[in-house]
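Asks: Questions regarding the structure given below will be posed in turn.
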Amino acid sequence: MRPEDLRAYPRHKVILPTELQSVDVADEVQNPPSLRFESITRDISLGGLLVELREKARGLDPNWQPTWFRDRFFWVHIRGISTIPDGIFTKAKAVRLVGEDQTHPEAVGLAFQDLPNSVTSHLKAFLESIKR
């Protein structure tokens, strides 16, 4: 069975400007720095998106560590969808680091948290339009 057959939502290859801002939590044991940077998507689905961490990530500390992303929540602002003029602004959880080298992954996979139904329907229409 192929990995895409196991996914809850099919992925769509599309480049969209994306901004991430970490949701700060009080954690005395592990206190990663606040993160705020702009990048692009590598793909997107109704369940989440994959955000570029290398060349296209502007404002990300060049010495970032994978531990800064693990199981962390982010505010995500996705722009460039004509049917959603203000873009998608939602909370997402970092669920996977993607790339050949896990010490410096190429991208972070984020799962949407509580995406409003109205936004979901607009996103679904957009994804269906790019499939054609």
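Derivation of every value follows stated rules applied to the coordinates shown; laboratory data play no part. Treat the numbers as computed from the prediction; the structure is a model and nothing was measured. Quick reminder, even Gly has a Cβ in these numbers, built from the backbone with ideal geometry, and neighbours come from all protein chains shown.
Asks: If only one of Leu123, Leu127, Leu110 is in a strand (DSSP E or B) and crowded, with 18+ Cβ neighbours inside 10 Å, which one is it? Write out each step before concluding.
Replies: Working: Leu123 fails: in a strand (DSSP E or B); Leu127 fails: in a strand (DSSP E or B).
Testing whether each residue is in a strand (DSSP E or B) and crowded, with 18+ Cβ neighbours inside 10 Å leaves just Leu110.
Asks: Of all residues in region 30-75, which are in contact with a His (Cβ under 9 Å, 6 or more places away or on another chain) and touching a residue at least 60 places away in the same chain (Cβ under 8 Å)?
Replies: Ile44, Ser45
Asks: Taking region 65-83 on its own, how many of its residues are touching a strand residue (DSSP E or B) at 6+ places or on another chain (Cβ under 8 Å) and over 15 Å from Gly109 (Cα atoms)?
Replies: Total meeting the criteria: 3.
Asks: OK, next. Across region 105-114, what is the number of residues that are within 17 Å of Ala8 (Cβ to Cβ) and touching a residue at least 40 places away in the same chain (Cβ under 8 Å)? I'd like the intermediate steps shown before the answer.
Replies: Our first condition is that a residue be within 17 Å of Ala8 (Cβ to Cβ); within region 105-114, this holds for 109-114.
Those still in the list that are touching a residue at least 40 places away in the same chain (Cβ under 8 Å) too: 109-113.
Going through region 105-114 one residue at a time, the tally reaches 5.
Asks: Right, here's the next one. Filter region 37-64 down to the residues that are among the polar types (S, T, N, Q) and touching a strand residue (DSSP E or B) at 6+ places or on another chain (Cβ under 7 Å), then identify the one that is surrounded by the fewest Cβ atoms within 10 Å (Cβ to Cβ).
Replies: First, the residues of region 37-64 that are among the polar types (S, T, N, Q): 39, 41, 45, 63.
When the remaining residues are screened for being touching a strand residue (DSSP E or B) at 6+ places or on another chain (Cβ under 7 Å), the result is 39, 41, 45.
Working: Ser39: 22, Thr41: 22, Ser45: 18.
Among those that are among the polar types (S, T, N, Q) and touching a strand residue (DSSP E or B) at 6+ places or on another chain (Cβ under 7 Å), it is Ser45.
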